[in-house]
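The values are calculated or read from the model by the stated rules, or taken from the named source; none is laboratory data. Everything numeric here is computed off the predicted structure, so don't read it as measured data. No Cβ is skipped: glycine too gets one built from the backbone with ideal geometry, and neighbour counts run over all protein chains shown. All accessible areas refer to the heavy atoms of the entire protein, side chains included, with ligands and DNA or RNA removed. Shrake-Rupley method; radii C 1.70, N 1.55, O 1.52, S 1.80 Å.
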Amino acid sequence: MQFTSDYVSLKGSVFSFNLERSVAFRLVAPPNYRESPTPFSVLLMNDGQDYVGLNLEKTLSDAYKDKETNPFIFVGIEADHNRLYEYGTSISADFKGRGNKALQYSKFIIEELIPFLGKEFKVSPPVQNWVYCGFSLGGLSAFDIAFNNSKFFGKVGVFSGSFWWRRKAYQKHDMEDRSRITLDMIKNSKHRAPLQYFFQCGTEEETDDRNNNGVIDVIDDTLDVINELQLKGYSYPGDICYKEIEGGKHDLSTWGSALPQFIKWAFQKD
């Protein structure tokens, strides 16, 4: 009797001195992982505990069968009860103190997880072959880490990113609304990071429209980030891809439906 597999999968954990805890992860690799003489590109994902809800088993299996997609290893990093404090922006917590461990989480990714993966698995050296993604607050975290550590990543995917993250509470009639941390992080950066960006939003994620311009906040915030990136010299379209899903919600089902296109964008063959 002969057996074939669509992918190789394992679960493990790595202890983080920066976070002072063990961090669980799930790794999924193409079916030829064991015999492959060449290393693989890497897709890191925050909120790896949502693997099932995002329908990633089918999405990854289909991607590994796609001849137009370069093979890659998926690593889903699981969050725990510290999520609200470890995800965020490494330069500053928000005005409620959330994200006060984001710098430590960033150091975990760069100083501990990436070297661990390089030592234990057949992964390519970081930079152009590494992609980072996340959803909601996990998307903000992925953007922050990739943007500020671009020598390790080539692309980043942000699904319904929490770009409302701010230093102070929103004040009505504040037309510039520059308290949003990500906008100033991009503006004040000293160089244009060699990154490409994939953003996704849904038109039914919320009803909030704090500036009453007829556009829900999650879309407004994402478009403002795209505009700030353009002012920094990124091209849109080009360096930036934006996908708006009509009827899309702030949930795993919507994000899961967008993942195949994102993976195709991230790992498409030249």
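Only one of (1) surrounded by fewer than 20 Cβ atoms within 10 Å (Cβ to Cβ); (2) out of contact with any Pro (no Cβ under 6 Å at 6 or more places or on another chain) is not met by Ala29, so which one is it?
Evaluating Ala29 over (1) surrounded by fewer than 20 Cβ atoms within 10 Å (Cβ to Cβ); (2) out of contact with any Pro (no Cβ under 6 Å at 6 or more places or on another chain) leaves (1) as the failure.
Please state which of the following conditions Ala169 fails to meet, knowing it meets all the rest: (1) loosely packed, with under 15 Cβ neighbours inside 10 Å; (2) of a type in the set (A, V, I, L, M); (3) touching a helix residue (DSSP H, G or I) at 6+ places or on another chain (Cβ under 6 Å).
Failed condition: (3).
Taking the residues in the range 72-111 that are over 25 Å from Pro30 (Cβ atoms), of a type in the set (Asp, Glu) and at pLDDT 95 or above as candidates, determine which candidate is least open to solvent (accessible area, probe 1.4 Å). Reasoning before the result, please.
Here is the first cut: in the range 72-111, the ones over 25 Å from Pro30 (Cβ atoms) are 79-108, 110-111.
Then drop every residue that is not of a type in the set (Asp, Glu), which leaves 80, 86, 94, 111.
Checking the rest, the ones that are also at pLDDT 95 or above come to 80, 86, 111.
Values: Asp80: 55, Glu86: 7, Glu111: 108 Å².
This residue is Glu86.
Can you name every residue in the range 193-206 that is modelled with pLDDT under 95 and out of contact with any helix residue (DSSP H, G or I) (no Cβ under 8 Å at 6 or more places or on another chain)?
Result: Pro194, single match.
Can you go through Arg166, Arg98 and tell me which one is in contact with a strand residue (DSSP E or B) (Cβ under 6 Å, 6 or more places away or on another chain) and of a type in the set (Lys, Arg)?
Arg166
Would you mind finding the one in Asp177, Asp144 that is in a loop (DSSP other than H, G, I, E, B) and either in contact (Cβ under 8 Å) with a residue 24 or more places away in the chain or open to solvent by 10 Å² or more (accessible area, probe 1.4 Å) (or both)? Steps first, answer last, please.
Numbers: Asp144 fails: in a loop (DSSP other than H, G, I, E, B).
Only one candidate passes the filter, namely Asp177.
Only one of (1) small (Gly, Ala, Ser); (2) farther than 28 Å from Ser253 by Cβ; (3) more than 14 Å from the chain's Cα centre (by Cα); (4) outside any loop (DSSP other than H, G, I, E, B) is not met by Ala63, so which one is it?
Here Ala63 meets the rest and fails (2).
Only one of these conditions is not met by Lys11: (1) charged (D, E, K, R); (2) modelled with pLDDT of 95 or more; (3) open to solvent by less than 60 Å² (accessible area, probe 1.4 Å). Which number is it?
Condition (3) is where Lys11 drops out.
Please tell me if Asp184 is part of a helix (DSSP H, G or I), within 24 Å of Leu44 (Cβ to Cβ) and not aliphatic (A, V, I, L, M). Show your work before the answer.
Working: part of a helix (DSSP H, G or I): yes; within 24 Å of Leu44 (Cβ to Cβ): no; not aliphatic (A, V, I, L, M): yes.
Spelling it out, it is not the case that Asp184 is part of a helix (DSSP H, G or I), within 24 Å of Leu44 (Cβ to Cβ) and not aliphatic (A, V, I, L, M).
Take the residues of the range 231-259 that are among the acidic types (Asp, Glu) and part of a loop (DSSP other than H, G, I, E, B): which is least open to solvent (accessible area, probe 1.4 Å)? I'd like the intermediate steps shown before the answer.
First, pick out the residues of the range 231-259 that are among the acidic types (Asp, Glu): 239, 244, 246, 251.
From what's left, part of a loop (DSSP other than H, G, I, E, B): 239, 246, 251.
Details: Asp239: 35, Glu246: 155, Asp251: 51 Å².
The qualifying residue least open to solvent (accessible area, probe 1.4 Å) is Asp239.
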